[in-house]
Amino acid sequence: MTEANFRYLTDVSAAVDALRSHAERMLELNEQICAIQVVETSSNGAATVIVDGEGRLVDIRLSHGISRLTPTEFGQCLVDTSRAAARRAVEKQAALVAAFNDTDADSSNSS
């Protein structure tokens, strides 16, 4: 093999190493997103909702305060509290993705 061919093998090895590193970081990002749980309690304390890193409902906890709410108020309480929790979860997810992308940009700029 000529010297140019050996250099090509080094470039391929570096590319494979970079891809492997990127894949490992993506798995880590996924684990971080899966670990997100946001707990949000309504302003009146009647409902607490828990959502995951994608804003999906995981649990609802109700206090005795719900007995003072009309069905419409209760429904609105759940919707508002769930929406607030989902918004916070998505914000956390977005921050993780932004940090991932910033690190990716930094590493590609230094190459």
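The values are calculated or read from the model by the stated rules, or taken from the named source; none is laboratory data. Since the model is a prediction, treat every value here as computed from it, not as a measurement. No Cβ is skipped: glycine too gets one built from the backbone with ideal geometry, and neighbour counts run over all protein chains shown.
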- Item | Residue satisfying condition, being in contact with a Phe, Trp or Tyr (Cβ under 8 Å, 6 or more places away or on another chain), at pLDDT 90 or above and among the aliphatic types (A, V, I, L, M), within set 33, 66 | 66
- Please find, within region 66-95, the residue that is surrounded by the most Cβ atoms within 10 Å (Cβ to Cβ) out of those that are of a type in the set (Lys, Arg) and more than 15 Å from the chain's Cα centre (by Cα). 83
- In region 38-61, the residues that are buried (at least 16 other Cβ atoms within 10 Å of the Cβ) and not in a loop (DSSP other than H, G, I, E, B): 38, 40, 47, 48, 49, 50, 51, 52
- Task: Please name all residue pairs, on different chains or six or more residues apart, with Cβ atoms under 6 Å, provided the first residue is in region 44-63 and is modelled with pLDDT under 95 and the second residue is of a type in the set (S, T, N, Q) and surrounded by 16 or more Cβ atoms within 10 Å (Cβ to Cβ).
- Result: 53/93
